[in-house]
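Here's the structure, in structure tokens; my notes come after.
The values are calculated or read from the model by the stated rules, or taken from the named source; none is laboratory data. Bear in mind that the values here come from a model prediction, so they are computed numbers and not experimental data. Quick reminder, even Gly has a Cβ in these numbers, built from the backbone with ideal geometry, and neighbours come from all protein chains shown. Side chains included, ligands, DNA and RNA excluded: accessible areas come from the protein's heavy atoms. Shrake-Rupley method; radii C 1.70, N 1.55, O 1.52, S 1.80 Å.
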Amino acid sequence: MFRCYLSFMWMYSVFLLVEGLIIEDFRLSGSRVPSEGMLEAKVNGTWGAVRYLSRYNWRDPLDDLICRTFGYVNESVMQPQYYGTPDAAFTIKRCPVDVTSLQMLNTSCELEAGNQQLDYDNIFKTINCRALKLVDGPSVLEGRLEAGLFGELQAVYGRAFDERAANVTCTSLGYRGVRSYNTSTHYGAGKLPLYTRNIQCTGTELSLEQCYHSGDYAASRTPADVVSVACDGGPLKLEQVKGNRSFEGILVGYHDNIWYDFVGEVSETTAKTMCSILGFGHVGFSSRAHLYKNVYYYKQGVNCNGHEKYIEECEGELNYCVTQGYFYCTQMFSTFVALFCSDYTLETISLSATGVIQVGVNGQLWAICDDYFTPETANSVCAVLGFHGIGSFKMKQTGENSVIEILGSIICKPNATSVIDCHIKHQFSYRPYDQSAECRSYIMLTCN
């Protein structure tokens, strides 16, 4: 048995000539996990950080190439940590988009030895690689396990792979934990070589490479015994904006220790599905919310089909807004998803001592918005309340410190006689979800 210590060395050396200096090797350093860190180069026996000037600024295509050369998948959307501004071994700049190998750096990019200090740029290359992936499954949460282990992307052999190793797999992918695993995959053997060492984890490691690796089952291995893993997706929550309303708010999701926003608009089916995922049942609707907040991680254009149990099973990729500190990340994504997870069934109608129409919904009394309220509606409400005379009404504005909460509008049939003949139209089903647009006029009613 041997301990997998943190090692950032590539499994082979890359030799490049930069202004007469030999680049002997590369590594990622400074992180708790092998798949993340600052890109460093060994030049003439000395290690130094690599500065990188990119036309893309962040998430350059070259990053995926670097990750794959280390034996990982591609660069992760999760932004790596900041590792300071050390002395650089050399600077890479003006790389074309079609660089397909690190050897092409010497002929396709401009390489300058030493620490070329520029006052307009001091970007040191920090990378966060995705160390593994689940493939050929029904969603990103489930599939055959292919992992970057010690410089090579391999399919993981199932002998002695246990629940603790499966849990490390899921948590290192940013999910909540393992739902199930199988040491004889349902998703084929794939075309990668098999990693046949025994992987033993305590369950708290940050990556599979930090677990103990021992033995080699090369003599008895079979491609059928490849690990498949199913993970539990990250949680969702509603950030409440108005009062104590657990069933409505701004939708946010959780992945890899960060909360992310949902931006744009979603369909009715998607809204109901997300409410179901939250535990409210397949009910409710969504609305646009205009908030002035900075966007870091986000999902845009999310689409669910109605049967999903985890948000990761719906369409929509997690992204990072790279232009932090600029107008784009605060204004271009100003339309967030507000979710209303209730059927808003009208339970009661009553009049307060001062004549305010009160409706009972979700165990709470609410005032009624003046929208859609007509003399015919006033007569119907009076009839439901047991009066036979014609009703009269007036509108009143809520003050700044008002305790009156307006839910929405009441709609009744022309000849209404009971509560079942009326229903509630939530005000944010036809208004943007922000304070400047909310209804501020409620109805006071007199029945003769």
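In this rough spin-label picture, where each label sits 7 Å from Cα along the Cβ direction, the Y212-Y82 distance is 4.0 nm. Put a plus charge on the Cβ of each Lys and Arg, a minus charge on the Cβ of each Asp and Glu, and nothing anywhere else: the dipole of the chain about its Cα centre is then about 460 debye. Considering only Cα-Cα distances, which of the following residue pairs are longer than 32 Å: K42/K299; K125/K237; K237/K425; K42/K293? Check vs 32 Å cut-off fails for K42/K299; K125/K237; K42/K293.
Return the calculated 222 nm mean residue ellipticity for the chain, to the nearest 500 deg cm²/dmol, obtained by summing -39500 (n - 2.57) across DSSP H runs with n ≥ 4 and dividing by the residue count. Don't skip to the end; give the middle numbers.
Numbers: 5 runs with 44 residues, N = 448.
For the chain, the value works out to -2500 deg cm²/dmol.
For S402 and T202, the FRET efficiency from 1/(1 + (r/R0)^6), where r spans their Cβ atoms and R0 equals 60 Å, is about 0.60.
With a cap of 14 neighbouring Cβ atoms within 10 Å, and only residues DSSP puts in a loop, list the trypsin sites (Lys or Arg not before Pro) found in region 221-279.
Values: sites: R221, K237, K242, R245, K272; in loops: R221, K242, R245.
The qualifying sites are K242.
Considering only protein heavy atoms and a probe of 1.4 Å, how much of the accessible area of the chain is carbon and sulfur, as a whole percent? Before the final figure, lay out the partial values.
Numbers: 10260 of 21050 Å².
Its accessible area is 49 percent carbon and sulfur atoms.
Full extension of the chain between R440 and D343 yields a length gain of 32.6 nm, computed as 0.36 nm times the residue separation minus the alpha carbon distance.
Straight-line reach from K396: taking Cα to Cα under 16 Å and skipping same-chain neighbours fewer than 8 places apart, the aspartates and glutamates in range are D370, D371, E405, E438. Once both labels are positioned 7 Å from their Cα atoms along Cα-to-Cβ, the gap between S352 and S418 label points is 2.8 nm.
How far is helix 163-172 tilted off the main Cα axis of the chain, in degrees rounded to 10, range 0 to 90? The two axes meet at around 80 degrees. The longest stretch of the chain left intact once loop-based GluC sites (Glu not before Pro) with at most 16 other Cβ atoms within 10 Å are removed from consideration, loops following DSSP, is 20-264. For a paramagnetic label modelled on R68 (point 7 Å from Cα along Cα→Cβ), amide N atoms under 19 Å away belong, within region 134-152, to 134-136, 146-152. Taking the longest Cα principal axis of the chain as reference, the axis of helix 375-384 is set at about 80 degrees.
Length gain on complete extension for the stretch S429 to E268, per 0.36 nm per residue less the alpha carbon to alpha carbon distance?
Numbers: separation 161, 0.36 × 161 = 57.96 nm, distance 1.12 nm.
So the chain would gain 56.8 nm between S429 and E268.
Between region 300-319 and region 119-188, the alpha-carbon centres lie 20 Å apart. Taking label positions 7 Å along the Cα-Cβ direction at both K309 and K293, the computed distance is 2.9 nm, reported to one decimal.
Rounded to the nearest 10 degrees, the angle from helix 268-278 to the longest Cα principal axis of the chain is 70 degrees.
Semi-axes of the equivalent ellipsoid for region 327-448, computed as √(5λ) from the eigenvalues of its C-alpha gyration tensor and ordered from largest down, come to 30, 15, 12 Å. Taking the inverse of the average 1/r across all pairs of different Cα atoms in the chain, what Kirkwood radius in Å do you get? It is 25.9 Å.
Can you tell me, using C-alpha contacts under 8 Å and at least 6 residues apart, the relative contact order of the chain as a whole percent? Display every interim value, and only then the final one.
Details: 1073 pairs, mean separation 46.5, N = 448.
Relative contact order, the chain: 10 percent.
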